[in-house]
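One structure below.
The values are calculated or read from the model by the stated rules, or taken from the named source; none is laboratory data. Everything numeric here is computed off the predicted structure, so don't read it as measured data. In this analysis, Cβ positions are derived from the backbone assuming ideal geometry, glycine residues included, and neighbour counts consider all displayed protein chains. Heads up: the accessible areas ignore ligands, DNA and RNA and are worked out on the full protein's heavy atoms, side chains in. Shrake-Rupley method; radii C 1.70, N 1.55, O 1.52, S 1.80 Å.
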Amino acid sequence: MAQHTTESTISLAKAAEALRLTVQRTKGLVLKGLLEAAEHGGRALQINRDSLDRLKSMLDDKNLIAIDDAAKIVGETRSAFEYRWVHTHLVTVIDLGVRRVIRRQCLEEVQRYKRIFITADEAGKLLGSHRSLLPNWERRGLIAPEKVMESKIVGVKLYRRTDFDRLRILKEYSGPSNEYE
């Protein structure tokens, strides 16, 4: 029975080595509940090997992508990505203690949204204007948001790209105007 316990646990130092982390950082993963401390009678902290294998498996999972990498892929800063997609609950972040990740399927959904929709901030940048451009067009009845994603702390309006492109072409042909009216 003692041999079974030895095989099913690993020392904190060995777990840290396996994760390529410091002992302190690995201990933090135990405190967060991402690694399971094994029941033991000794003083040295032992880690349940299954929990270590589970965490390593998630860290190596190709279907999970670091949130910083996901933001770069869609051409946004991490903070903009979190504001638009995480805070509005389109994307769920998984905190692995070592890094925050999302599922590739969520990234694909964001990419699909970005192909179909545009935010006011993106539209302003494309036209060398202010982010208030689309809300101003909206007040004038020229465009309407197709989708509004909201949470308790943030709301993001998404406008159909085709509507934006149509208005952008009209704006180019009609010449400059005061968009801040």
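Please specify each residue of region 56-79 satisfying the condition of being out of contact with any helix residue (DSSP H, G or I) (no Cβ under 7 Å at 6 or more places or on another chain) and of a type outside the set (D, E, K, R).
Passing the criteria: S57, M58, L59, A66, G75, S79.
Which one of these does A70 not meet: (1) touching a Cys at 6+ places or on another chain (Cβ under 9 Å); (2) closer than 18 Å to V148 by Cα?
(2)
Can we say L158 is under 15 Å from the mean Cα position of the chain (by Cα) and surrounded by 15 or more Cβ atoms within 10 Å (Cβ to Cβ)?
So L158 fails the test.
Do you know which of the residues in region 15-24 that are more than 15 Å from L59 (Cα to Cα) and not in a loop (DSSP other than H, G, I, E, B) is most open to solvent (accessible area, probe 1.4 Å)?
Out of the qualifying residues, it is Q24.
Can you spot a residue in region 25-45 that is in contact with a Gly (Cβ under 9 Å, 6 or more places away or on another chain), surrounded by 12 or more Cβ atoms within 10 Å (Cβ to Cβ) and of a type in the set (K, R)?
Checking region 25-45: at least one residue is in contact with a Gly (Cβ under 9 Å, 6 or more places away or on another chain), surrounded by 12 or more Cβ atoms within 10 Å (Cβ to Cβ) and of a type in the set (K, R).
Test each condition in (1) closer than 21 Å to G75 by Cα; (2) surrounded by 18 or more Cβ atoms within 10 Å (Cβ to Cβ); (3) modelled with pLDDT of 90 or more for I143 and report the one that comes out false.
(1) is the only condition that I143 fails.
Could you count how many residues in region 69-127 are closer than 29 Å to K32 by Cα, in a loop (DSSP other than H, G, I, E, B), touching a residue at least 40 places away in the same chain (Cβ under 8 Å) and open to solvent by less than 30 Å² (accessible area, probe 1.4 Å)?
Qualifying residue count, region 69-127: 3.
Provide a single number: the residues in region 128-145 that are within 14 Å of D163 (Cα to Cα), part of a loop (DSSP other than H, G, I, E, B) and within 26 Å of the chain's Cα centre (by Cα).
Here the count works out to 1.
When you check D53 against the structure, is it more than 11 Å from the chain's Cα centre (by Cα), at pLDDT below 95 and in a helix (DSSP H, G or I), yes or no?
So D53 does not fit the description; no.
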